[in-house]
1. Select from the range B:141-183 the residues that are among the polar types (S, T, N, Q) and more than 23 Å from the chain's Cα centre (by Cα) and list them in ascending order.
2. Regarding the range A:63-71, can at least one residue be identified that is part of a helix (DSSP H, G or I), closer than 30 Å to A:Ala187 by Cα and not polar (S, T, N, Q)?
3. Of the residues that make up the range B:147-164, is at least one among the hydrophobic types (A, V, I, L, M, F, W, C) and at pLDDT below 90?
4. So which pairs qualify, if the first residue must be in the range A:145-170 and closer than 11 Å to A:Leu69 by Cβ and free of Cβ contacts under 8 Å to residues at least 60 places away in the same chain, the second must be of a type in the set (Lys, Arg) and outside any loop (DSSP other than H, G, I, E, B), the Cβ gap must be under 7 Å, and the two must be at least 6 apart or on different chains?
5. What residue, among those in the range A:216-231 that are of a type in the set (D, E, K, R) and assigned to a loop (DSSP other than H, G, I, E, B), is farthest from the chain's Cα centre (by Cα)?
6. How many residues does the range B:160-215 hold that are assigned to a loop (DSSP other than H, G, I, E, B), closer than 27 Å to A:Ala385 by Cα and in contact with a Leu (Cβ under 6 Å, 6 or more places away or on another chain)?
7. Which one of these is more than 13 Å from chain A (Cβ to nearest Cβ), touching a strand residue (DSSP E or B) at 6+ places or on another chain (Cβ under 7 Å) and farther than 25 Å from A:Asp303 by Cβ: B:Glu150, B:Glu225, B:Glu160?
8. Looking at (1) crowded, with 19+ Cβ neighbours inside 10 Å; (2) touching a residue at least 40 places away in the same chain (Cβ under 8 Å); (3) at positive phi, can you tell me which one B:Val130 breaks?
Amino acid sequence: MFVEKLRVPALRSRSAPQILGSARRLVRTHVFRLAALYFLVFAVSVLGVLLFVYWTSANFVEQQTEATLDAEITGLAEQYAQRGLSGLIQIVAARSAGDRGDAMVYLVTDPDGKPLAGNIAGWPAGVPTHSAWLSFALERSINGRLETHPARGRLFIIPGGYRLLVGRDISDAAAFRSQVRSTLLWAGLIALCVGLVGGTMTGRNLLRRVEQVNRTSERVMAGNLSDRVPLHGTNDEFDQLAANLNRMLDQIERLMTAMREVTDDVAHDLKTPLSRLRARLERALAEPSAGSTQSEAIRAAIDEADRLLATFNALLSIAELESGAHGDQTEPLDLSEIARSAAELYEPVAEEKGFVLAVMAEPGVTIRGDRHLLSQALANLLDNALKYGRGGKIEISVYRRDRQAFVEVADQGPGIPQEDRETVLDRFVRLEPSRTTPGNGLGLSLVRAIARRHGGSVALEDNRPGLRVRLEFTGLAV
Amino acid sequence: MKILVVEDDRETAGYLTKALNESGYTVDCANDGREGLFLASSGDYNAIIVDRMLPSLDGLMVLGALRAAEIRTPALILSALGSVDDRVKGLRAGGDDYLVKPFAFSELLARLEALLRRGTGPTTATKLRVADLELDLLTRTVKRAGKPIEVLPREFRLLECLMRNAGHVVTRTMLLEHVWDYHFDPQTNVIDVHVSRLRQKIDKSFDHPLLHTVRGAGYCLRAPE
């Protein structure tokens, strides 16, 4: 709250360097540069279109003026051809008589420049003395006021030194041009303003969404792993990006949680044997002298240390298998051969403990894999069957179905309740009844890691009575 | 017997030196790979114990250089890297045996002795003999005091391994590696039962037992004194 109160006035009274700083930051953003570039392109094209419109409309008006003049001249030339100079003077006088409102200008002079007919008083200043198109200033009285108007016309030298000027007051055209000019100027200005505002808004919108992603990443990096990028529900690229980032964060959070759990489990499960070890050594130290009880205690401590090391080794093996750091020693392996070899190793101990160990292996069930790892998986399953069972039959079966290879170890022990079958594959999970038997709760995790390493899976089933563990491998080797 | 220990951890090196001295070996110690290679190049050691991760020159490079120089001193690699892959790399680089840290000294001693014998013993012999026990590698038969004893193929290999190391301790791990080619320790005492079955066959009806259990270490097959 306190911080909030402090920050608001600070925002309001930002100093010039602060504003400059934030402007500099804005300029550095990709979005700003992109918006600026687009605005530039937009402005240039708007300017181009407006210039083109201006040029064509101005040109059109000019051409119209010239066409009117040409028509007038053609008419006068016909009169001159038919009736000579007097006819020309007559027609000019007739046309000049009343103001027809079309702003035409006529003047016929003799060789000395004295007007003979026409509707302007004298030769406008600056008119040359040879035939040509010309622009000139025209003094006209409109509603009793004398005004100077721009005009355009054509001068003809008629044989005998007489001169004819046909012109037209083009102040209307000039007014039209300036009207067009100012209209286009305003249109351009409005377009540029709209472009600027639109560009800024689009840019800010983009910037805000990128900023959201950035802020979320920063918060996640700062340790708030459950934070997610907000979605706008538009399913656009930004939403897709945000959804992907969120999925990635979910995955990271899941892994972190799993890792934390494993670390907790490791710490917990190693603390017990370590304190036992410590107690044993302490007792051995307290013994009066190097007697048989002392060496017995030390031997027990060594056994305890060995068990701890075995736990560590199992953990490392699982981690190594799961991370994929293990170099792949894959070769075609006959699973039946591996099963028989394991059974051969375990047969005497099984018999001694009152079990019957049987192998039912189809010949030639071959997959690609690591012989040592698969032997270890099988040995772990046999260790478990011997540890938890109380006699009865242990059956190892190897068979193929379709394109899959199966290895099963089935015992007639207490089995695993349906609801525990998934969790028992996790690290350190030892079901309540087995807490008292020696073991580290890593055997099945290692089996699963090995199966997964070979692109396979582990399934636990009821053997009625007992447990049936089935390793499934896809992809038989030929 | 002169042994070279190449080990950078001074505590381990000191412990190994002391324990090997007590077992009757003369020990030289090198603390890094370069020094180790220099000492080993003299060629006057009976065996080398080399750690894998060493400063300046790692254990595998030391072995590679030695083998390239035609020095065939038996070498045992000590390493914290214990996967099958790591072992294969170590053995390919010129190691003769591979022991994963942490290890029991009895295990190291048993393996070292096996290495030393491998260098000298007549490996081409077709018959192995310990007291009145005889093993024929060609006919694959076992006799004790002239009486044939029936053994299973795996028991034959187990006995062969024990007889080749007669008078010395063979650990359970060594048996698993050499007889079954298993490079991990099962939780069940599988080896003990195999050995006790073998013992039933070769010792039961005779006055002097040959196959002894060495507590905390392994087994030893030896002639009675």
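The values are calculated or read from the model by the stated rules, or taken from the named source; none is laboratory data. What you are looking at is a predicted structure, and each value in this text was computed from that prediction instead of being measured. Cβ placement follows ideal geometry from the backbone for every residue including glycine, while neighbour counts extend to all protein chains displayed.
1. Hit for the range B:141-183 is B:Thr141, nothing else.
2. yes
3. no
4. If the second residue must be of a type in the set (Lys, Arg) and outside any loop (DSSP other than H, G, I, E, B), the pairs left are A:Ala151/A:Arg168.
5. Once the filter is applied, the top-ranked residue is A:Asp227.
6. Residues flagged as assigned to a loop (DSSP other than H, G, I, E, B), closer than 27 Å to A:Ala385 by Cα and in contact with a Leu (Cβ under 6 Å, 6 or more places away or on another chain) within the range B:160-215 amount to 2.
7. B:Glu160
8. The one condition B:Val130 does not meet is (3).
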